[in-house]
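Asker: Quick one: the structure is below, questions incoming.
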Amino acid sequence: MAREFDTDVLIIGGGLNGLSMGLAAAAGGFDVTIVDAIDPKTAGAEEFDGRVFAIAFASCRMYEALGLWDELKQDAQPINDILVTDGRVREGASPFFLHFDHEEIGDEALGHLMESRHMRKVLTRAVLDHDRITLKAPAKRVSSAADPYGFTATLDDGSSIRARICLGADGRGSPLREEAGIKTIGWTYDQMGIVTTVHHEEDHHGIAQEFFLPSGPFAILPMTGRRASLVWTERTKAAKALLGLPPERFLEELRARFGDYLGEIETLGPVWSYPLNLILARRYIDDRLALIGDAAHGVHPIAGQGLNLGLRDVAVMAEVLTDAARLGQDIGAQDVLERYQQWRRFDNVSLSLGMDALNRLFSNDLPPVRLARDLGLGVVNRIGPARRFFMRHAGGAVGELPRLLKGEAL
Ligand SMILES: Cc1cc2nc3c(=O)[nH]c(=O)nc-3n(C[C@H](O)[C@H](O)[C@H](O)COP(=O)(O)OP(=O)(O)OC[C@H]3O[C@@H](n4cnc5c(N)ncnc54)[C@H](O)[C@@H]3O)c2cc1C
């Protein structure tokens, strides 16, 4: 006879997607266990991760529905406008631009900028306080086995956990995906994302800027106070050279791209770098297993959508599991897993490839391509419905939305 279950839903990986998944599944009435290889104290520390995420308004609504928004918003900067321009280093922007103003589609901000470490702290605390969730960290999953009734994972301390379903939120390199033999497609970009925070003299008024330079996008993301997070994409070789510069020279290069529209700038704290690649799982499911977040799709950060795609997986998975349980179905059954895969795969693949195309279109300096894209920016900017379509996309409010992304209870 099969062993009793220790938990309903086992989540391997306690990054932002894994933690959010745990909270959403618990809100759906399930007992959840999250396993993560990193000590939560390390993951929440200032030096661990410098990323600041543009969280789309649909994702914010999910956190509201889960009762987490009041705490998250304390460190969140609303994005009121997004300005997209094209140009060259030291030459400034071309006269064509695309301007997204949140007032065109309603009262809500287009999204919020949130520091990864703050999100982790809030989500980890909520997980630890939840009586239906157990967090095992630091603990590493080393092997697993699925049978017709459940999924059993073995951890590095020799213990094992048996669940009705396992959700793989173990990141781009997903060992669970590998072990299940799920193939991927993808490529590396010969680009790195340099991430740092600057302090500036003037108020940013909640305006995010995406400045397309020949080596890749340079994003200026407004943070609380007179601070901005930069995601500065460079060719790998150039990025390594920039990272090796003394701080004064690094700041000079940074100023040449940032410009002076916010007055004087100075860097605050460390500089992080992330190699950029695209990786898409060919399927999201296996026996009693489903992949969510970067384990299923790791994308280019060009439009700040990577985590948002993962949070959509979370909202859909929570709804699929809850509905299955309400109908008395086995939550790890193949048809339940397939419903999740069907709902999510098209959206993820189309957005990932869209971001890839955008990166290719903008990360070059060929005169005819420059002209075409500048004209494209100018045209979209003049057509109201096109502008609003892009804004709704950026806000994550398109397609078949699960209840949580509409701000509704499960
Ligand atoms: C430069 C840059 C900027 C970005 N900006 C944005 C943005 O503005 N907006 C946005 O939406 N997205 C953005 N992204 C994307 C976003 O960072 C990722 O999509 C998101 O962090 C992925 O989260 P995850 O929880 O799926 O994976 P991860 O954060 O990678 O978490 C995986 C977890 O799994 C754990 N794990 C792995 N193996 C095991 C194991 N064997 N046992 C136990 N635990 C294990 C790890 O410890 C880790 O905690 C950006 C990415 C980059 C690189």
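Asker: Is it fair to say L321 is assigned to a helix (DSSP H, G or I) and over 27 Å from I185 (Cβ atoms)?
Answerer: On the way: assigned to a helix (DSSP H, G or I): yes; over 27 Å from I185 (Cβ atoms): yes.
The answer is yes for L321.
Asker: So which residues in the range 320-343 are closer than 23 Å to E408 by Cβ and either β-branched (V, I, T) or buried (at least 22 other Cβ atoms within 10 Å of the Cβ) (or both)?
Answerer: Scanning the range 320-343 gives V320, L321, T322, I331, V336, Y340.
Asker: Only one of (1) farther than 18 Å from I12 by Cα; (2) surrounded by 16 or more Cβ atoms within 10 Å (Cβ to Cβ); (3) out of contact with any helix residue (DSSP H, G or I) (no Cβ under 6 Å at 6 or more places or on another chain) fails for T188. Which number is that?
Answerer: (2)
Asker: Turning to a different aspect of this structure: Quick one: count up the residues across the range 8-53 that are of a type in the set (K, R) and within 22 Å of G298 (Cβ to Cβ). Before the answer, list the steps.
Answerer: Going through the range 8-53, the residues of a type in the set (K, R) turn out to be 41, 51.
Narrowing further to those that are within 22 Å of G298 (Cβ to Cβ): 51.
Result for the range 8-53: 1.
Asker: How many residues does the range 304-327 hold that are without any contact (Cβ under 8 Å) to a residue 12 or more places away in the chain and either of a type outside the set (A, V, I, L, M, F, W, C) or within 8 Å of the ligand (Cβ to nearest atom) (or both)? If you could, list the steps in order and put the result at the bottom.
Answerer: Step one: list which residues in the range 304-327 are without any contact (Cβ under 8 Å) to a residue 12 or more places away in the chain, which gives 323, 326-327.
Next cut, either of a type outside the set (A, V, I, L, M, F, W, C) or within 8 Å of the ligand (Cβ to nearest atom) (or both) only: 323, 326.
So the answer is 2.
Asker: Mind listing just one residue for me: the one in the range 148-189 that is of a type in the set (S, T, N, Q) and away from the ligand (no atom under 14 Å from the Cβ) and, of those, farthest from L307 (Cα to Cα)?
Answerer: First pass over the range 148-189, keeping only residues of a type in the set (S, T, N, Q): 152, 154, 159-160, 174, 184, 188.
Of the ones still in play, those that are also away from the ligand (no atom under 14 Å from the Cβ) are 152, 184.
Details: T152: 27, T184: 19 Å.
Restricting to residues being of a type in the set (S, T, N, Q) and away from the ligand (no atom under 14 Å from the Cβ), the top hit is T152.
Asker: Does A145 qualify as being away from the ligand (no atom under 11 Å from the Cβ) and either crowded, with 20+ Cβ neighbours inside 10 Å or within 23 Å of the chain's Cα centre (by Cα) (or both)?
Answerer: On the way: away from the ligand (no atom under 11 Å from the Cβ): yes; either crowded, with 20+ Cβ neighbours inside 10 Å or within 23 Å of the chain's Cα centre (by Cα) (or both): no.
Considered against the rule, which asks whether it is away from the ligand (no atom under 11 Å from the Cβ) and either crowded, with 20+ Cβ neighbours inside 10 Å or within 23 Å of the chain's Cα centre (by Cα) (or both), A145 comes out as no.
Asker: Could you identify the single residue in R326, R392, R382 that is modelled with pLDDT under 95 and either under 15 Å from the mean Cα position of the chain (by Cα) or over 25 Å from L16 (Cα atoms) (or both)? Before you say what the answer is, go through the steps one by one.
Answerer: Working: R326 fails: modelled with pLDDT under 95; R392 fails: either under 15 Å from the mean Cα position of the chain (by Cα) or over 25 Å from L16 (Cα atoms) (or both).
Answer to the check: R382.
Asker: Among the residues of the range 191-217, which ones are crowded, with 16+ Cβ neighbours inside 10 Å and on the phi > 0 side of the Ramachandran plot?
Answerer: G206, G216
Asker: Something else about it: In this structure, does K121 turn out to be within 12 Å of the ligand (Cβ to nearest atom) and not acidic (D, E)?
Answerer: Values: within 12 Å of the ligand (Cβ to nearest atom): no; not acidic (D, E): yes.
So K121 does not fit the description; no.
Asker: Oh, and also: Within the range 164-185, work out how many residues are within 22 Å of P148 (Cβ to Cβ), touching a helix residue (DSSP H, G or I) at 6+ places or on another chain (Cβ under 8 Å) and of a type in the set (A, V, I, L, M).
Answerer: Here is the first cut: in the range 164-185, the residues within 22 Å of P148 (Cβ to Cβ) are 164-168, 176-177, 179-182.
With touching a helix residue (DSSP H, G or I) at 6+ places or on another chain (Cβ under 8 Å) added as a condition, the list becomes 165-168, 176-177.
Now restrict to residues that are of a type in the set (A, V, I, L, M): 165, 167, 176.
Looking only at that region, the number is 3.
Asker: With respect to V35, determine if the residue is of a type outside the set (S, T, Y), within 9 Å of the ligand (Cβ to nearest atom) and over 27 Å from V195 (Cβ atoms).
Answerer: The answer is yes for V35.
Asker: Any residue in the range 276-303 that's within 17 Å of V314 (Cα to Cα) and part of a strand (DSSP E or B): show its pairings with residues that are charged (D, E, K, R) and within 8 Å of the ligand (Cβ to nearest atom) at Cβ separation under 8 Å, as long as the two are six or more apart or on different chains.
Answerer: Final answer for the pair search is G298/R172.
Asker: Keeping to the range 1-20, report how many residues are assigned to a strand (DSSP E or B) and not β-branched (V, I, T). Outline the logic, then answer.
Answerer: First, pick out the residues of the range 1-20 that are assigned to a strand (DSSP E or B): 7-12.
From the residues that got through so far, the ones that are not β-branched (V, I, T) too are 8, 10.
So the count comes out to 2.
Asker: Report, by residue number, each residue of the range 21-72 that is over 18 Å from G293 (Cβ atoms), part of a helix (DSSP H, G or I), over 17 Å from the mean Cα position of the chain (by Cα) and modelled with pLDDT under 95.
Answerer: K41, T42 - these are the residues of the range 21-72 that are over 18 Å from G293 (Cβ atoms), part of a helix (DSSP H, G or I), over 17 Å from the mean Cα position of the chain (by Cα) and modelled with pLDDT under 95.
Asker: With respect to R282, is the statement that it is away from the ligand (no atom under 16 Å from the Cβ), surrounded by fewer than 21 Cβ atoms within 10 Å (Cβ to Cβ) and either at pLDDT 95 or above or under 17 Å from the mean Cα position of the chain (by Cα) (or both) true?
Answerer: Details: away from the ligand (no atom under 16 Å from the Cβ): yes; surrounded by fewer than 21 Cβ atoms within 10 Å (Cβ to Cβ): yes; either at pLDDT 95 or above or under 17 Å from the mean Cα position of the chain (by Cα) (or both): yes.
Considered against the rule, which asks whether it is away from the ligand (no atom under 16 Å from the Cβ), surrounded by fewer than 21 Cβ atoms within 10 Å (Cβ to Cβ) and either at pLDDT 95 or above or under 17 Å from the mean Cα position of the chain (by Cα) (or both), R282 comes out as yes.
Asker: Which of the residues that make up the range 98-135 are out of contact with any helix residue (DSSP H, G or I) (no Cβ under 7 Å at 6 or more places or on another chain) and farther than 22 Å from E46 by Cα?
Answerer: Selection gives D101, H102, E103, G106, D107, D129, D131, T134.
Asker: Another question about this same structure. Of all residues in the range 154-180, which are free of Cβ contacts under 8 Å to residues at least 60 places away in the same chain, part of a loop (DSSP other than H, G, I, E, B) and of a type outside the set (D, E)? Reasoning before the result, please.
Answerer: Applying the first criterion (free of Cβ contacts under 8 Å to residues at least 60 places away in the same chain) to the range 154-180 yields 154, 156-160, 173, 175, 178-179.
Still in the list and also part of a loop (DSSP other than H, G, I, E, B): 156-159, 173.
Across the range 154-180, the qualifying residues are G158, S159, G173.
Asker: Among the residues of the range 291-306, what is the count of those that are modelled with pLDDT of 95 or more and either surrounded by fewer than 22 Cβ atoms within 10 Å (Cβ to Cβ) or in contact with a strand residue (DSSP E or B) (Cβ under 7 Å, 6 or more places away or on another chain) (or both)? Steps first, answer last, please.
Answerer: Quick first cut of the range 291-306, residues modelled with pLDDT of 95 or more only: 291-297.
Now narrow it down to the ones that are either surrounded by fewer than 22 Cβ atoms within 10 Å (Cβ to Cβ) or in contact with a strand residue (DSSP E or B) (Cβ under 7 Å, 6 or more places away or on another chain) (or both): 291-292, 295-297.
Going through the range 291-306 one residue at a time, the tally reaches 5.
The values are calculated or read from the model by the stated rules, or taken from the named source; none is laboratory data. Because the structure is a prediction, the values reported are computed rather than measured. Don't worry about glycine lacking a Cβ; one is built from the backbone with ideal geometry, like all the others, and counts go over all protein chains shown.
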